[in-house]
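Working notes, beginning with the structure itself.
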Amino acid sequence: MSKWLSRFTPRVGSWIGLGLVSGLAGVMVAVMLTPIMAISGVTLKNTIGVFDTMPDFVALDQLAQTNEIYAQSDQDPANGYVKIASVYWQNREEVGWKDVSQYLKDAAVAGEDRRFYQHRGVDLQGVIRAALGNAVSGGVQSGASTLTMQVIKNVYVQRAEALPTEEERTKAYEEATASSFQRKFKEMKLALGLEKRYTKEQILLAYLNISSFGGNTYGVESAAQLYFGKSAKDVTVAEAASLIAIVQYPMLRNLSDPSLYAKNQARRDVILQAMLDENYITQKQYTEAVNTPVDENFVHLTQPQSGCIAADEYARWFCDYVVKNVTNFEALGTTKEERLNNWHVGGYKLYTTMNFALQKYAQKKTWMVPKDETKPKIGATEVSIEVGTGRVLTMTGNKIFNDTLAGGGKDSSAVNFATDRDYGGSSGFQTGSTYKIFGLLAWLQAGHGLNELVDASEFTKNQANYLDTCTDGGGPWGGEWKFKNDSRAGKAITVIDAVRASVNSAFASIGEMLDQCAIRKAAESLGIHRADNKTLKTNPSAILGTNELAPLTLVAAFAGIANDGKYCEPIIIDHVVGPDGSEIPGQSPKCTQGIAPEVAHGAIYAMKRVLSGGTGSASNPRDGVPIFGKTGTTDSSSQTWIVTSTSRIASVAWVGNIVGKYPMRQYPGGATFRHKIMSAVMKTANKMYAGEKDWAAPPAKMLAGSSVTVPALRGLTVEAATTLLKGLGFEVAVGATEESDLADGLVVKSNPAEGSRLAAGMTITLTPSVQIQSIIMPDLLTTLYTQRLAERELRNLGATNVRTRCEVATAQNDPLIGSVTAQYPAAGTEIQANAYIRITIRQATCTP
C-alpha cells in the first residue's frame, strides 16, 4: 500500500493521502478494531464520522527567538534598565536544520519511524499491525505513531503545559496524551494535513526541537547542552542515540540521574542497531558507540544557558514569576493562546517593575535564613510593592531557584514561596495574626471603635454563637473552640491595645460580635484569596489566621490599606518592546476602592502602635518615616510573618516551615529573621523613595465607634442594675459578694467599671454587697484595761481590724505599765466593724 502511494509526487500523494487514506484508514482501522469497538459501543459509522469531522491541519510555529527580561536599575527609570534573563519558552533553544547533527536526524528516524520518508504522515502498515495487536489485547496498546503524529501530540502537550492554571494544564495534558481511538484518529488526520503543508525536513526538525528530554528540558539543543555540555551539531553517534533514547519515556530514561543510566543505555543500543540496519552508520561506528557505557564519564551535566535558572542570581524568583504570568500580558496578544504562541515565537523584551538595586539588597538579606537546613525545612521570602500602583519591586527566596529535573539539592527549590500555586507551586501558608486586621476592618465597618473595650478573659468559645451568613465558607459552626494568648492581657482591653499586643482572646470576642462573612468580604475587598484558589474559609478561628495565603497577596492588601483603602492588583510589566522594535504598553495599574478611607485610617492608627511598642517594634527602621504593620505567628510558631507599609512602599517578610511544624522560636534566630529582613529592607527602601507622608487621623467615630458607656451602678439592686444594663445592650453576670457599707444585695461595683466605653453585647460582672456591721468604740482609758482585756472587749463587739502600739514607760514603777494609755478612734465613736482601730500599751521596754 505504501509503495502504491509513493508512486505519486509528494504533493499529489499528500492530497490523495488526505482523501483516500483518510477514508481508507478510517475503514481499515474500524474493520480491524471491530471487536474492540463492539465492546466499547463505538460503531463503524461513528468512527468514520468522528474522523471526517476532525480538523485536518495544525500549524508548526516558526523558529523561536529568545525573549529578554529587564529590571529597572533602581527607583529612577531615567537610570535605565539591566537585563536579568534570556528566556526561551521552557528550557529550550530551537535550532535550524544545519545546527543539528546528522546523527541525531538519523537516530530519530531509525529509532522512532523507519518509514518516515516513505509515508505521508500515517504509516498504514503500522496502523494495520497496531490494529491487529489491539484487537488481540482488547485495548489501545499500540498506536502506530509516526514522527509526524508525535509532532502533533507534542504540539498539544506543549500547549497544555503552558496553560496558566494547574487544573487547565492537567485537563489539556490528559486530553493530549489519552490512550483513546479518538486521539489517535485526530493525530492521523492532522498528520496528513501537516505533511501536505510542510516538507519532511521541516517536520523532522520540528520533532527534534519540540520533544521532551526530561524535566523542563525540551529540544535537542538544550538536551545536548544539559547532558553533554555541547551543541546538538557536535554530538557523537553514541550521544545522539542516547538523546533519542529519552524521548519515548523522558522521566525514566533521561540522563539527570545515574539510576536511570541503565534504562537509557538499553534503549540507546536498540537505536544504534536500527541505525546500522538502515545503513546510517558503519559497523565500525556502531561497535565504537555500543561499547561506550552510559556512565559518569559519558554524561557531563551542565547548567542551562537560558531560562530563569540561568538568570541573574539575585533575580531568579522574580524571573520565574514573570514567565509564569505570560498568559496575563496583554502586550503579547488579545487571547491567552495568542500570548502563548507569541511568547513561543519570542523576540520580546519585557521591561519589568523590579527595582534591581532594592531587589539585590533584599535578596542578600533573605539569604541570612539558612537555605540547606533539613530539620526544620525552612523557607523565607520578602516581597515589596509600590503603594498606589501595585508595581512589584522585589521578590526573593532563601532557596536557590532550580527547576531542572535533578532539582539542585537541599539548598534549591522550584517552588516560589511568594506566590500562588498557579504561579509558583506554593499552596501558601497560614498567616497567623496578620489576618486579624481584616477582622479589625470589619469591626470598624460595623460602626465599632478602637477605644471600645472587649472581653479578653475567655479562652474557650462556643462556635455556635458565631454568626456566618456565607454559605460557602464551611459552616455552620458548632462545638468548642479553645485557644490561648501569646502574652498576658487584662480581662477587658481596648481594641487598639488588642491590635498592639495581638491578643487572641480579644479578637475571638471581636469575631463573636461580627458576621464571619463580613470579615471575609473585608479581606476580599483588598484582593485576599487563598493561594490554592479555594474559597476563603469563614470558621470562627479564621480571624486568627488559619487561611493559607501567598505573601504577595497579603502585602498587596496592606498596600491597599496604605493607599487610603484603594487596592491595586500586583503588576510586573512596565512596557514591552516587540520583535519588530515597536513599543507596547505594559500593565497599567488596576485599582479599586476596597474600603472607605476613614476605615483605612482607623486601621492604620491602630497598626502604627504595633511598630512602636507593640509586637512589631523590632521591624521598625526608626528613620522617622511614618510606618504601620502587623505581625503574625501561627500555633507553635511554625510560621512567622511581618507586614509593614509606608505611604510609598509596602513589604512582607515570611519565614517558616516548608514542611512540618517545627517551632521557629526554638530554632536559633528563628523568631527574629523576619524582623531583621524587614527593618533592613524598609530602611533602604525609605532612602530610595522620598516623599513619604503621614496619613490623616481617623475621625472621632473610628475611635469611639458605637460603644456604650457603663453607667453608675453602685447602690442599685442587682435586679435594677441588670435591667439597666440589658437595656443598653450588655450581657450581665453576677460575681462574688464583697463587704461594704451598703445594704446586703446592693451593687458595690462592676467590671468593667463605671465610665468604661464598651461594645454592645459585652458582659458586665456585678459585685453584690454584704453589709458590714457598725460598732460604738468603748472607753478603754477611764477603767484601766490591759492589752488582753482591751482586745477581748473589741473582739466581742465585732471589731476585725485592731492594731496595737507599744509605749515605753518613763519610770520603772509606773503604775500604768501593761495598761491601755491611748485609743483611736475615741470612746463613743460609731465605726464600721472592719474599720481601723489602734490601742497604745505602756511597757517597761518595747521590742522593735
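Here are the numbers:
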read-out: Pair list, Cβ < 6 Å and 6+ apart or interchain, from segment 777-793 residues that are over 15 Å from ALA827 (Cα atoms) to residues that are β-branched (Val, Ile, Thr) and open to solvent by less than 60 Å² (accessible area, probe 1.4 Å); value: GLN787/ILE841
read-out: Count - residues of segment 187-202 that are crowded, with 22+ Cβ neighbours inside 10 Å, in contact (Cβ under 8 Å) with a residue 60 or more places away in the chain and closer than 15 Å to ASN154 by Cβ; value: 3
read-out: Matching option when the condition is assigned to a strand (DSSP E or B) and within 28 Å of TRP89 (Cβ to Cβ), among LEU350, LEU405; value: LEU350
read-out: Out of SER259, SER242, sole residue that is under 17 Å from VAL109 (Cβ atoms) and polar (S, T, N, Q); value: SER242
read-out: Every pair of residues 6+ apart whose Cβ atoms lie under 6 Å, when the first sits in segment 624-636 and is in contact (Cβ under 8 Å) with a residue 40 or more places away in the chain while the second is open to solvent by 30 Å² or more (accessible area, probe 1.4 Å) and assigned to a helix (DSSP H, G or I); value: PHE628/LYS608
read-out: Matching residues, segment 602-613, being more than 19 Å from GLY449 (Cα to Cα) and crowded, with 21+ Cβ neighbours inside 10 Å; value: LEU611
read-out: Counted residues, segment 634-671 - those being touching a Pro at 6+ places or on another chain (Cβ under 7 Å), open to solvent by 30 Å² or more (accessible area, probe 1.4 Å) and of a type in the set (A, V, I, L, M, F, W, C); value: 0
read-out: Residues being part of a helix (DSSP H, G or I) and surrounded by fewer than 19 Cβ atoms within 10 Å (Cβ to Cβ) - total across segment 158-182; value: 15
read-out: Residue match in segment 413-426 (condition: β-branched (Val, Ile, Thr), open to solvent by less than 10 Å² (accessible area, probe 1.4 Å) and touching a Leu at 6+ places or on another chain (Cβ under 8 Å)); value: yes
read-out: Near pairs, Cβ below 8 angstrom, 6+ apart or cross-chain, from segment 663-686 (under 17 Å from GLY616 (Cβ atoms)) to any residue that is open to solvent by less than 20 Å² (accessible area, probe 1.4 Å) and among the charged types (D, E, K, R); value: ILE677/GLU382; MET678/GLU382; VAL681/GLU382
read-out: Given (1) assigned to a loop (DSSP other than H, G, I, E, B); (2) over 16 Å from ARG674 (Cβ atoms), index of the condition ILE385 fails; value: (1)
read-out: Residue ID - farthest from MET702 (Cα to Cα), chosen from residues in segment 431-467 that are in a loop (DSSP other than H, G, I, E, B) and open to solvent by less than 10 Å² (accessible area, probe 1.4 Å); value: THR431
read-out: Residues (under 25 Å from GLY581 (Cβ atoms) and open to solvent by 20 Å² or more (accessible area, probe 1.4 Å)) located in segment 311-330; value: ASP312, VAL323, ASN328, GLU330
read-out: Filter pass, GLY473 being of a type outside the set (Val, Ile, Thr), out of contact with any strand residue (DSSP E or B) (no Cβ under 7 Å at 6 or more places or on another chain), part of a loop (DSSP other than H, G, I, E, B) and open to solvent by less than 30 Å² (accessible area, probe 1.4 Å); value: yes
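The values are calculated or read from the model by the stated rules, or taken from the named source; none is laboratory data. Remember, predicted model here, so these are calculated numbers, not experimental data. Positions of Cβ are generated from backbone atoms using ideal geometry, with glycine treated the same way; all protein chains shown enter the neighbour counts. Calculation scope for accessible area: heavy atoms of the full protein, side chains included, ligands and nucleic acids excluded. Shrake-Rupley method; radii C 1.70, N 1.55, O 1.52, S 1.80 Å.
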